[in-house]
Amino acid sequence: MGASIPKQYLPILGKPICTYSFETFLGMPEVAEHGAAVLGVQAKATIKEADGDLMVTRTLERAALWEVQTPQVIEPGLLRAGFELVREKSLDVTDDVSIIEALGKPVKITSGSYKNIKADGDVSDEEEFEDIQERAFLIVRRVVSDARPIEAKTSTVTVEVYNAGTTTALNVLVEEQTWPPEFFTVSGDLTASYEAIPAGATVRLSYQVTPKAVGPYAHQPTRVRYQALEEDESSTQVTISAWLEFKTITIGEQWKLKALDAGSWITGGHVTTVLGWQLLLAGVAAALIAYYGFLSYKSFKVSSANRRRQRALEALQAMEEKTK
């Protein structure tokens, strides 16, 4: 493009291009359900397949054809597995979701926009983006008061909804998912509605969770529905949070983890696990055994030399007495 910086950082309406991608990532709930999601628009042109001599072999069914766009969202573990497969088999892929297809995993298409142009040419005409910019855009996240929830101890879960857009979000409905009653006791409201959330504002919904059992649990995403355009009641959007990883431990495990944290700090981060401490203690014990073994050997050697010297002196004295 001839720019002095990578195209992802070129400004459009006061924000780098990549910012719009990040906002779109957060607005693609399908990735939480399918592991991989991609933006796309249905093909408008008639697509024909040709052979090496550029002779048409067939006309593809346009209704089933989609032009894939970016951004593309993929669960990190799935993407790592895909890259390993590409490296092992030297596969030729043209985009990230092609890697997931190579794994035989599903990829969900999310309806995109024909205005989502590829930034390879001039992007100086900002008017094309004005209607995209002037809207509300909600981002959802959840925070747990305890980084390590403890069995039978109440923790507070806070749902934060931030309006990253430029206009007010209207008729906002926040819906938290139900926690399994056999494993958790919940107090407080799991839903909240807001008439309006101004641009740049944050609202919060808090409730309490008390775990009944130890173990990991992944709580389903919070769902938020809102009106994105103030003048258009039909501009309803839905966004979701990430899954909430909630791993409950016992008080004993908490103290063990605190001890490991302290040990990690003492060792400068070199020892962070129980096995690491076991190996370290075994190494220290072996070193102490070797050290005291060496001291014992040295002491025994000195003692033996002293005894030999004493016997030699006694023998010399005996010889002197005989010569008198």
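Table for the structure above
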| quantity | calculated |
| --- | --- |
| Some residue of segment 241-250 being surrounded by fewer than 16 Cβ atoms within 10 Å (Cβ to Cβ), modelled with pLDDT of 80 or more and over 21 Å from the mean Cα position of the chain (by Cα) | yes |
| Criterion: assigned to a strand (DSSP E or B), more than 14 Å from E245 (Cα to Cα) and free of Cβ contacts under 8 Å to residues at least 24 places away in the same chain - qualifying residue of S206, S193 | S193 |
| Single residue of segment 214-232 satisfying the filter (in a strand (DSSP E or B), without any contact (Cβ under 8 Å) to a residue 40 or more places away in the chain and not hydrophobic (A, V, I, L, M, F, W, C)) that is surrounded by the most Cβ atoms within 10 Å (Cβ to Cβ) | Y217 |
| Among (1) part of a helix (DSSP H, G or I); (2) out of contact with any strand residue (DSSP E or B) (no Cβ under 6 Å at 6 or more places or on another chain); (3) at pLDDT below 85, the one test that T94 misses | (1) |
| Residue in segment 68-91 that is modelled with the lowest pLDDT, counting only those that are of a type outside the set (A, V, I, L, M) and in a loop (DSSP other than H, G, I, E, B) | E75 |
| Every residue from segment 154-187 that is part of a loop (DSSP other than H, G, I, E, B) and free of Cβ contacts under 8 Å to residues at least 40 places away in the same chain | T166, T178, P180, P181, E182, F183 |
| Matching residues in segment 129-153 - criterion: being without any contact (Cβ under 8 Å) to a residue 40 or more places away in the chain and either over 19 Å from Y226 (Cα atoms) or crowded, with 16+ Cβ neighbours inside 10 Å (or both) | V143, S145, D146, A147 |
| Condition check for G269: in a loop (DSSP other than H, G, I, E, B) and closer than 28 Å to P76 by Cβ | yes |
| Residue list for segment 274-324, filter: over 30 Å from K256 (Cα atoms) and either touching a strand residue (DSSP E or B) at 6+ places or on another chain (Cβ under 9 Å) or of a type in the set (F, W, Y) (or both) | Y291, Y292, F294, Y297, F300 |
| Residues within segment 260-299 that are at pLDDT 85 or above and in contact with a helix residue (DSSP H, G or I) (Cβ under 7 Å, 6 or more places away or on another chain), tallied | 0 |
| Residue count, segment 229-278 (criterion: closer than 23 Å to I197 by Cβ and hydroxyl-bearing (S, T, Y)) | 5 |
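The values are calculated or read from the model by the stated rules, or taken from the named source; none is laboratory data. Because the structure is predicted, anything quoted here is derived from the model rather than measured. Glycine also receives a Cβ, built like all others from the backbone with ideal geometry; neighbour counts cover every protein chain displayed.
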